[in-house]
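**Student:** Right, I'll just put the structure down here and ask away after.
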Amino acid sequence: MEEREDQLAARLGAALRAAGKTIACAESCTGGLVTSRLTDIPGSSDYVMGSIVSYTNDIKERLVGVRHETLAAHGAVSPETAREMADGIRRVIRTDLGLGITGIAGPGGGTAAKPVGLVYIAVSSEKGTRVTENHFSGTRTEVKQQTSDAALALALDALTEVQA
């Protein structure tokens, strides 16, 4: 099977390198997929500083800096948690951009209020933090892939804003 270049990750990497900016990720439902895609690009150590797969609330709190009160009031899958994940990873690893990703990849775990495919993605930069609510569908693998695409695109957009 011929390996195809990940255009989205390559574009983000090239933009980060050109701007002299760095990125770190706090990933939950993607399990490190975004970081994996970023580090598949040769030379990514110039801009990828680190990542934490914060799959549990305990890790979100202790390592990423999500407040216990946020998790208790809003849950792990919420815009508030995604925001604190993005801000926290940016602060902890000391990068220009921080990505926070939390959601329900399925096939189980969803509820009427928070269905399978609900994903919150946040990007933190010097210009502030933006959170998007996404509703993806498909298999677990497809939801994770769609989430990683959306996260890379959101980071690329945020980088463009920082440079403006």
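**Student:** Return the residue satisfying two criteria in turn: it lies in the stretch 77-123 and is under 18 Å from residue 53 (Cβ atoms) and among the polar types (S, T, N, Q), and of such residues it is surrounded by the fewest Cβ atoms within 10 Å (Cβ to Cβ).
**Tutor:** 95
**Student:** Here's a follow-up. Taking the conditions exactly as written (of a type in the set (A, V, I, L, M), within 21 Å of residue 11 (Cα to Cα), in contact with a Leu (Cβ under 6 Å, 6 or more places away or on another chain) and in contact (Cβ under 8 Å) with a residue 60 or more places away in the chain), does residue 152 satisfy them or not?
**Tutor:** Here the answer is yes, as residue 152 does meet what is asked.
**Student:** Moving on to the next point. Considering the stretch 57-77 alone, what residues qualify as being in a helix (DSSP H, G or I), of a type in the set (A, V, I, L, M, F, W, C) and either under 19 Å from residue 151 (Cβ atoms) or touching a residue at least 24 places away in the same chain (Cβ under 8 Å) (or both)?
**Tutor:** Of everything in the stretch 57-77, those that are in a helix (DSSP H, G or I), of a type in the set (A, V, I, L, M, F, W, C) and either under 19 Å from residue 151 (Cβ atoms) or touching a residue at least 24 places away in the same chain (Cβ under 8 Å) (or both) turn out to be 59, 63, 64.
**Student:** For the stretch 22-56, give me each residue that is in a loop (DSSP other than H, G, I, E, B) and in contact with a Ser or Thr (Cβ under 8 Å, 6 or more places away or on another chain).
**Tutor:** 22, 28, 29, 30, 32, 47, 54, 55, listed by residue number.
**Student:** Condition check: in contact (Cβ under 8 Å) with a residue 24 or more places away in the chain, in contact with a Phe, Trp or Tyr (Cβ under 6 Å, 6 or more places away or on another chain) and farther than 16 Å from residue 56 by Cα. Does residue 117 satisfy that?
**Tutor:** yes
**Student:** Here's something else I'd like to know. Within the stretch 81-88, is there a residue that is basic (Lys, Arg) and either modelled with pLDDT under 95 or under 30 Å from residue 18 (Cα atoms) (or both)?
**Tutor:** Within the stretch 81-88, one or more residues are basic (Lys, Arg) and either modelled with pLDDT under 95 or under 30 Å from residue 18 (Cα atoms) (or both).
**Student:** Sticking with this structure for a sec: Which one of 130, 83, 90 is in contact with a strand residue (DSSP E or B) (Cβ under 7 Å, 6 or more places away or on another chain), among the basic types (Lys, Arg) and in contact (Cβ under 8 Å) with a residue 60 or more places away in the chain?
**Tutor:** The match here is 90.
**Student:** While we're on this one: Considering each residue of the stretch 37-56, count those that are farther than 20 Å from residue 106 by Cβ and free of Cβ contacts under 8 Å to residues at least 24 places away in the same chain, and give that number.
**Tutor:** Selection size over the stretch 37-56: 3.
The values are calculated or read from the model by the stated rules, or taken from the named source; none is laboratory data. Bear in mind the structure is a predicted one, so any value in this text is a computation, not a measurement. All Cβ positions, glycine included, derive from the backbone under ideal geometry; neighbour counts span all protein chains shown.
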